[in-house]
Amino acid sequence: MEWAIAFVAAVAAALLSLETLGHIQRAGYRLSLGKKAAKEQLRLALLALVWAALTSAAYALEQSFDAEYALWLYLGVFSLSACLFTLCTWVRSKQHLKFTPRAVRLLCALFVIDFFLARLLAQIGAAIFESGKGAFAAIFLVPLLTLPGAALARAFIYPLEALIFSRFVKRARRRLESMNGLVVIGVTGSYGKTSVKNMIATLLGERAYATPASYNTPMGVCKAISCMPEGVKYFICEMGAGRRGDIARLCSIVRPQIGVITGIAPQHLKTFKSLENIVATKGELIDSLPCKGIAVFNGYDDFCADMFKKCVLRRKFITGERGVSFSDVELDEKGSRFVLKVGGEDRRCFLRLVGRHNIENFCLAMQTCLALGEDVNEL
């Protein structure tokens, strides 16, 4: 009986852990869960109290009327309520757990750990009540196993994940080294990374390959590199960060020669702690560039302008008054019309995107391409 109860409890615990695993996944598989995850743990604790009351009622019924079926009926209610709780949570959640290979490995490890934890609880319950039926007395603790179970599962598979990650990194580096003459452009910032990356790729045309969608984590970048076509001259790598050291880690993989800073804003303050840490983290891209590297900054952002002044690289560029700039903006439902100022010359341009921020992003992309030596007329 204890084995059956442990199995059902492990399945229920795995289902109840899906939302928690989703929070862990969005935190970069770290146990920094935030307020939403804390609310989820509170709901699970309340569910544990409900199951404790149901357990007491089932025992009272079994003892009073010698109705052994009451315990098995409770097991059915327990399983059904776990499924319904998971379904309601899944429907309500805006960001679900993505069943990536890593998430599946974590979920499998969690099930194994939950099974043994539930088996241990079942044995303790049976020993206390000197009966196999006593295993039911501990089943209401299952909701409380979600967070510690997820932490144990994460620690359990960490060596495997580190090995897999190391293999991906080595493969990505070999791929980059095999492409002679490849120029790696790193793009980071608190906002506008994907837009600027895509604009640079569009301006450079078929010679450029950019990380797809918002692939800006180490594993995402490694996956993008594995899909890179032959004959590419420029690799444009979007770099995301949630805490200090994230950009430096990405730079150690791709080793950029060009660094582009799109802007600084108070994003991810829960993990960065301060705006100064955000500036320092984005600056890791510039610090990783070689002596002959090129740094490009968004001159329309005050923090970037300050980073430009402090940058020690000889080849550094900034948009705005000292570089590519714009004026005479006209916006309508079709896009943005403006005058692009490059090298003292004015060029009338049309961008199929609405908003001044998109024009600033375009100027930054144009400034990057010009820093690479591209011809302004061809661009």
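For region 273-292, name all the residues that are among the small types (Gly, Ala, Ser) and part of a loop (DSSP other than H, G, I, E, B). Full working, then the answer.
First, the residues of region 273-292 that are among the small types (Gly, Ala, Ser): 274, 280, 283, 288.
Those that are among the small types (Gly, Ala, Ser) and part of a loop (DSSP other than H, G, I, E, B): Ser274, Ser288.
Of the residues making up region 210-267, those that are hydrophobic (A, V, I, L, M, F, W, C), in a strand (DSSP E or B) and over 13 Å from Ala172 (Cα atoms) number 5. Scanning region 192-201 for residues that are touching a residue at least 24 places away in the same chain (Cβ under 8 Å) and surrounded by fewer than 17 Cβ atoms within 10 Å (Cβ to Cβ) turns up nothing.
Of all residues in region 206-224, those being at pLDDT 90 or above, out of contact with any Lys or Arg (no Cβ under 8 Å at 6 or more places or on another chain) and open to solvent by 30 Å² or more (accessible area, probe 1.4 Å) number 4.
Here region 241-262 is the region considered, the condition is being surrounded by fewer than 24 Cβ atoms within 10 Å (Cβ to Cβ), within 25 Å of Lys292 (Cα to Cα) and small (Gly, Ala, Ser), and the residue that is modelled with the lowest pLDDT is Gly245.
Inside region 225-239, residues that are surrounded by 22 or more Cβ atoms within 10 Å (Cβ to Cβ) and not aromatic (Phe, Trp, Tyr) make up a count of 5.
Could you pull out the residue among Gly76, Gly22 that is modelled with pLDDT of 75 or more and open to solvent by less than 10 Å² (accessible area, probe 1.4 Å)?
Details: Gly76 fails: open to solvent by less than 10 Å² (accessible area, probe 1.4 Å).
None of the other options fit; the residue is Gly22.
Pick from region 91-126 the residues that are open to solvent by less than 80 Å² (accessible area, probe 1.4 Å) and aromatic (Phe, Trp, Tyr): which of them is farthest from Lys223 (Cα to Cα)? Checking each candidate, the answer is Phe115.
Just wondering, is there one or more residues in region 312-320 that are among the hydroxyl-bearing types (Ser, Thr, Tyr), surrounded by 15 or more Cβ atoms within 10 Å (Cβ to Cβ) and either out of contact with any helix residue (DSSP H, G or I) (no Cβ under 8 Å at 6 or more places or on another chain) or more than 12 Å from Ser190 (Cβ to Cβ) (or both)? Checked against the condition, which is being among the hydroxyl-bearing types (Ser, Thr, Tyr), surrounded by 15 or more Cβ atoms within 10 Å (Cβ to Cβ) and either out of contact with any helix residue (DSSP H, G or I) (no Cβ under 8 Å at 6 or more places or on another chain) or more than 12 Å from Ser190 (Cβ to Cβ) (or both), region 312-320 yields at least one hit. Take Ser288 and tell me if it is under 26 Å from Ala208 (Cα atoms), in contact with a helix residue (DSSP H, G or I) (Cβ under 9 Å, 6 or more places away or on another chain) and exposed (fewer than 15 other Cβ atoms within 10 Å of the Cβ). No. What about Lys341, is it more than 22 Å from Gly205 (Cβ to Cβ), among the charged types (D, E, K, R) and touching a Phe, Trp or Tyr at 6+ places or on another chain (Cβ under 7 Å)? Judged against the criteria, Lys341 is a match. Which one is farthest from Arg105 (Cα to Cα) among residues in region 153-189 that are in a helix (DSSP H, G or I) and touching a helix residue (DSSP H, G or I) at 6+ places or on another chain (Cβ under 6 Å)? Across region 153-189, the extreme among qualifying residues is Arg175. Within region 349-364, the set of residues being assigned to a strand (DSSP E or B) and touching a helix residue (DSSP H, G or I) at 6+ places or on another chain (Cβ under 9 Å) comprises Cys349, Leu351. When Leu313, Leu331 are checked against the criterion of being in contact (Cβ under 8 Å) with a residue 12 or more places away in the chain, in a strand (DSSP E or B) and farther than 26 Å from Gly205 by Cβ, a single residue qualifies: Leu331.
Restricting to region 201-215, name every residue that is within 14 Å of Thr188 (Cα to Cα) and small (Gly, Ala, Ser).
If we filter region 201-215 for residues that are within 14 Å of Thr188 (Cα to Cα), which is where we start, we get 210-211, 214-215.
Residues satisfying the conditions are Ala210, Ser214.
Evaluation of Lys270 against the conditions (1) open to solvent by less than 30 Å² (accessible area, probe 1.4 Å); (2) assigned to a helix (DSSP H, G or I) shows that the sole unmet condition is (1).
The values are calculated or read from the model by the stated rules, or taken from the named source; none is laboratory data. Nothing here was measured: the structure is a model prediction, and the numbers come from that model. Don't worry about glycine lacking a Cβ; one is built from the backbone with ideal geometry, like all the others, and counts go over all protein chains shown. Heads up: the accessible areas ignore ligands, DNA and RNA and are worked out on the full protein's heavy atoms, side chains in. Shrake-Rupley method; radii C 1.70, N 1.55, O 1.52, S 1.80 Å.
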